[in-house]
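Structure, as structure tokens:
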Amino acid sequence: MDVDEHARSLADRYWEGLLELEPMFGTFVGDDRYDDRLSDPSETGRAAMEALNRSALEELSTIDRATLDATMRGTLDILEASARRVLADIERRTDLLAPAAHFWGPVTALAEIASLQAVGTPEQLDRYETRLRALPAFLDAWADVAREGVAAGVTSPRVVAERAVAQLERLLALDPADSPAAVPLGDRAEERERIAAVMRDVANPAFERYARMLRDEYLPHATETIGLSSVPGGEGMYEAAILAWTSLPLGAQEVHELGLARYASIQQERAEIATRMGFASAGDALAAHQASGANTAASREEMLALARDQVERSWEAAPAFFGRLPDDNCDVRPVEEYRERDTPLGFYNPPTEDGSRRGAYYINTSDLEGRPLHHVASLTYHEANPGHHFQISLEQQMTDRPRLRRFGGMLAGSAFVEGWGLYSERLADEMGLYVDDWERLGMLEAQGLRAGRLVTDTGIHALGWTRERAVTTLEEIGVPDVDAEIEVDRYIALPGQALAYMVGMIEIDRARTASAQRDGAAFSLRDFHDRVLELGELPLPAFRREMS
């Protein structure tokens, strides 16, 4: 076996091992072979995951990567970063923070299953039912992890745990026939009743048991502080989180200062636009706009219609800025009502490889008074076109690449993914997609939020900030009150994730500047975008190497 064959074999075997141990990830990318299973969060499951990743790194050390082409080099970069991330998480026991997380983990498992899993054929429906019937064992195993965290003194902050309990209570208040589990079945009455029976007799009792455990056993031990620095081993956990999400060995203070500098620059841009509009400040401009009533959707349907129009216009404008386009546009869907109180304004789920599930941009249509319309445009261009939908779909379409490279880049850190999304917000202005200066101010507020995330995330987890200070910091940036609280609680529950956006965008901006300087008059922005998206979801050190 030559070096290239060895590298591809290792990547393929690692990918298969990951899907067996993390079957929901397979569902996420459209591989339904393990759609009848859930992961094993127990000690047995952790040991299997550790063995897979240690073995992969040991074999990787025997391969001379200098002889490989760019595709295989990048594939092994992803493997290495993913394996090191998993092993660091296992060593630091970051799983102890998952049982009561409201944004990911066991509390959101049903929503993830229902929104991602295919149920169109009898075989798919059988796998779906089997997975739902696996929820009791899955939740009981997570309950044991929760108890282990309580014994070790490593628990989620009270504000996070309370959100998790409230989310479960809203889920359990639904009639089983109206459960999110029935939504994928549409108007197929017999099949809906079949799944409703599973929820009533099997899944809901398990969720009730889990919610009771959180209320009675976990909440009394939840921390009143909010940052990792206050829990045993927290400093090491945060170091691992920064590396995991950014793929760079950054220090918390370094990141904090970068955020302050970026925020100051963005505020200057906001002031310049406000002056152009005839206002003394951006705050005055937005206060007037809000008071006019023109910045609030009159209905959920109006919010959805606005997002759909933006998705269509961005799709039509893209050929002038991209040589390669996704095969298909994406859908726009509302966030499910039972979890919309804990969810940001929007997010994206990718399509499946075979096209049976389109990419989907979810928009939160709740609390319309607290969700100014001028924020929607930049979110759309980040999550849909030319942001995550382009970046993820195009990578999936490169069928000659190993599946680890096409689908697994996010396992190596989110900095490229979120950096591209944030870069796309500014690119949208170059594409002529913002209809007025109100939307441009919305874009700059979104950029300011990402700079503020560098400040608040490090403030929370390394510098001892209170929740109130973090919320106030975001509100001063211009984040609406409802979103400021959701955002801060997200940072509390997902340490380090908020750092990926601005760190990644800075890398892409640096690459664009360097390319323009190197190519001079021959520089093509269209070609630059195609090159960046051809490289795909690499760890940032690998992205730097390939773009140099």
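We did not get these values from a lab; they are worked out from the coordinates using the rules stated. Predicted, not measured: the structure shown is a model, and the values here were computed from it. Backbone-built Cβ (ideal geometry, glycine too); neighbour counts: all protein chains shown.
Structural size metrics of the stretch 157-258, computed from C-alpha coordinates, are Rg and Dmax of 20.0, 58 Å. Ordering Ser115, Ser55, Ser548 from the fewest to the most neighbouring beta carbons within 10 Å gives Ser548, Ser55, Ser115.
With θ taken as phi - 60° and the Karplus curve 6.51 cos²θ - 1.76 cosθ + 1.60 applied, the whole-hertz 3J(HN,Hα) list for the stretch 277-294 is 8, x, 10, 6, 7, 5, x, 5, 4, 6, 5, 5, 5, 5, 5, 6, x, 6 Hz, x standing for glycine and proline. For the chain, relative contact order (Cα pairs under 8 Å, six or more residues apart, normalised by length) works out to 18 percent.
Each peptide in 385-393, 225-233 receives the mean, over its residues, of other Cβ atoms within 10 Å, and ordering these scores from highest gives 385-393, 225-233. Amide H contacts of Tyr362: Arg333, Phe347, Tyr348, Asn349, each under 5 Å away and 5 or more positions distant or on a separate chain (H built 1.01 Å from N in the peptide plane; Pro and chain starts excluded).
Starting from the Cα gyration tensor of the stretch 303-416, take the square roots of the eigenvalues, sort them a ≥ b ≥ c, and report rounded, prolate or oblate (rounded when a/c is under 1.5, otherwise prolate if a/b is larger than b/c, else oblate). Verdict is prolate for the stretch 303-416. Counting only DSSP H runs of at least 4 residues, each contributing -39500 (n - 2.57), and dividing by the residue count of the chain, the helix-based mean residue ellipticity at 222 nm comes to -19500 deg cm²/dmol. Computed on the stretch 1-92, with alpha-carbon pairs under 8 angstrom and 6+ residues apart, the relative contact order is 34 percent. Taking every DSSP beta bridge that has both ends in the chain, the antiparallel portion is near 45%. The GluC sites (Glu not before Pro) found in the stretch 216-273 that occupy coil by DSSP, while having at most 12 further C-beta atoms within 10 Å, are Glu224. Ranked for footprinting exposure by Cβ neighbours inside 10 Å, fewest first, Asp64, Asp530 give Asp64, Asp530. Taking every alpha-carbon pair under 8 Å whose residues sit at least 6 apart, the stretch 167-246 reaches a relative contact order of 23 percent. By definition, a body whose alpha carbon gyration tensor gives a ≥ b ≥ c is rounded when a/c is under 1.5, and the chain falls into this rounded group.
For the stretch 103-224, what is the Kirkwood hydrodynamic radius in Å, using each pair of distinct C-alpha atoms? This gives a value of 15.1 Å. Would you work out if the stretch 24-68 is rounded, prolate or oblate? Take a ≥ b ≥ c from the square roots of the eigenvalues of the alpha-carbon gyration tensor; rounded if a/c is under 1.5, else prolate when a/b is larger than b/c, oblate otherwise. Oblate.
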